[in-house]
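*Asks:* The structure that follows is given in the form of structure tokens.
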């Protein structure tokens, strides 16, 4: 039978017939008994008993000989079938298989070697393996052949073709000399040269250009070449791609030497998790890509093993916690290389959105989603000029005084084809480009103008400001321009920023300080989901905390979330900062928060976001009793940072 160390690849130099020790164990006693009977019968040939004994002995000998003959026929048939299966398996392999003995001489070469080197495989038998190898590559190749070990080793060497040109051949080496059923070195060879190199090309430089310098794996250029070659075979056999993205490899956390060591350790793990016929490379943005020799279902299995192989990696001072996701796709023959990679990246993006450990398969729904994103990204550029953007306003209610004290301006987009597009879908697209600054400037002016037009009220308005707009250094001029143009008092404007913005460059803190000195309030939006701590809030130019609605998920039944709601309120109270709770959707949560002591609440339980016309008609006044507005702190002294 044939021994295969890796699924789908033959390993034995010569198939070995199956052993059966039971017949051998009975052979000696049976022969001894038979001979004794025959001899005893001959010595007593004159008696009837002697004749009987001699006859019985002959019967035993003949029966035993017949048994041996039948067993020999069965073993010979098994061996012939095993050899036939071995030849069939090797012939069916697209990549050549070469088997070497202890002297590194060729004992077997598959027929596909003729296509690779242009020589008859039969002519290779008995020849030294190093004869066609480039002299500069022999030492490296022989070192790998002599290294021993149970793990597969991969080496690339230049091998001379019959026409005199050099081919780049990648050999996966399996040392099975210690296996009594094999006793040989098995090389699985792959041609990694897309074409015969032109004269004057430095093959060492060419190979370096196709290799990732950190991991030693083929890079994206080599991947594209390999995909092009594989797609020519995809009409007769399936191929798939598995893209793996690893999270936790932050260059800001790891020293350069440590990052390199971690990547190499991960490469070793991933390589061990692969089957012998799969091909590992580095892709775009540091992702790993596996060309799977098999169906997309097999690719999902391989991807799951790769994701599972990623875990904590030892680093100086402890261990680095890593996680991974994977996207898989088939590689059809009628799809070009770029499209196959794009499909894999779409599946990878979907898996990343699902969270660590996810493995997602590409399907048409992902393509439709991507096409929608592409259309929205293109159309968003002119949406403001076409009048497709508008503001709606959601009330913030003081539940102690029973009155609306401010509203939050929320951006909406009515697309001519898709209708109302969710802000969670189009705002991230806007934030990917400088367009968000232009849109943010328009939102600031429009919100101030809408609130300034309301009569007989001191209603405030909160405007979300993107991190890009804050970092641009144009926030202060934009706010001053909006206030001066609309006539809105600065005390009625609240600028909302995210927690991470407070940790940016010092000019951000300076700009926010200037706004507070003008009388504008600064609110930390989505408080509790980022870098929240008492330490960073102390001394920061902040007036209001807006608690993220994440804390309200199942708050009626989850004691831990109720404790967090109390903690945020206590933190704000200790710093003298009002806390606004977002996302209050039902009366039960409203009652719970009010009983805790939360005063300022916002959500559907009071009102859905109001159009500008509804706001002008007084729909913002969701309570009838008189209330005081949200407290406005005094302007800080000039010396305050």
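The values are calculated or read from the model by the stated rules, or taken from the named source; none is laboratory data. Keep in mind that what you see is a predicted model, and the values were worked out from it rather than measured. Cβ placement follows ideal geometry from the backbone for every residue including glycine, while neighbour counts extend to all protein chains displayed.
*Asks:* Quick one: how many residues across the range 547-562 are without any contact (Cβ under 8 Å) to a residue 24 or more places away in the chain and part of a loop (DSSP other than H, G, I, E, B)?
*Replies:* The qualifying residues number 4.
*Asks:* Also, I was wondering about something else. Let me confirm something: among 568, 589, 584, which residue is assigned to a helix (DSSP H, G or I), touching a helix residue (DSSP H, G or I) at 6+ places or on another chain (Cβ under 8 Å), modelled with pLDDT of 90 or more and in the same structural domain as residue 544 (by TED's automatic domain parsing)?
*Replies:* 589
*Asks:* Please state which one of 327, 344 is over 12 Å from residue 247 (Cα atoms), surrounded by 14 or more Cβ atoms within 10 Å (Cβ to Cβ) and in contact with a helix residue (DSSP H, G or I) (Cβ under 7 Å, 6 or more places away or on another chain).
*Replies:* The unique qualifying residue is 327.
*Asks:* Within the range 101-123, take every residue that is in a loop (DSSP other than H, G, I, E, B) and over 38 Å from the mean Cα position of the chain (by Cα) and give me the one that is farthest from residue 179 (Cα to Cα).
*Replies:* Applying the filter and picking the extreme gives 118.
*Asks:* Among the strands (runs of 3 or more DSSP E) contained in the range 252-319, which hold 3 or more residues that are buried (at least 21 other Cβ atoms within 10 Å of the Cβ)?
*Replies:* Those strands (runs of 3 or more DSSP E) span 279-282, 288-292.
*Asks:* Next question. Specify which of the listed residues (148, 126) is more than 30 Å from residue 268 (Cβ to Cβ), part of a loop (DSSP other than H, G, I, E, B) and either out of contact with any helix residue (DSSP H, G or I) (no Cβ under 9 Å at 6 or more places or on another chain) or at pLDDT 85 or above (or both).
*Replies:* 126
*Asks:* With the structure loaded, tell me whether residue 118 is modelled with pLDDT of 85 or more, out of contact with any helix residue (DSSP H, G or I) (no Cβ under 6 Å at 6 or more places or on another chain) and surrounded by fewer than 19 Cβ atoms within 10 Å (Cβ to Cβ) or whether it fails that test.
*Replies:* Yes.
Table: residues versus (1) in a helix (DSSP H, G or I); (2) in contact (Cβ under 8 Å) with a residue 12 or more places away in the chain; (3) over 27 Å from residue 421 (Cα atoms).
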{"site": "334", "(1), (2), (3)": "no, no, yes"}
{"site": "339", "(1), (2), (3)": "yes, no, yes"}
{"site": "351", "(1), (2), (3)": "yes, yes, no"}
{"site": "368", "(1), (2), (3)": "yes, no, no"}
{"site": "376", "(1), (2), (3)": "yes, yes, no"}
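*Asks:* Conditions: (1) farther than 26 Å from residue 466 by Cβ; (2) part of a strand (DSSP E or B); (3) assigned by TED's automatic domain parsing to the domain that holds residue 492. Residue 360 meets all but one. Number of the miss?
*Replies:* Here residue 360 meets the rest and fails (3).
*Asks:* For residues in the range 443-499 being touching a strand residue (DSSP E or B) at 6+ places or on another chain (Cβ under 6 Å), in contact (Cβ under 8 Å) with a residue 60 or more places away in the chain and under 17 Å from residue 513 (Cβ atoms), which is surrounded by the fewest Cβ atoms within 10 Å (Cβ to Cβ)?
*Replies:* 496
*Asks:* Sticking with this one: From the list 153, 215, 140, exactly one residue is outside the structural domain of residue 273 (by TED's automatic domain parsing), at pLDDT 80 or above and in contact with a strand residue (DSSP E or B) (Cβ under 9 Å, 6 or more places away or on another chain). Which is it?
*Replies:* 215
*Asks:* Right, another one. Please enumerate the residues belonging to the range 406-430 that are within 33 Å of the chain's Cα centre (by Cα), more than 16 Å from residue 371 (Cα to Cα) and touching a residue at least 12 places away in the same chain (Cβ under 8 Å).
*Replies:* Passing the criteria: 411, 412, 413, 423, 427, 430.
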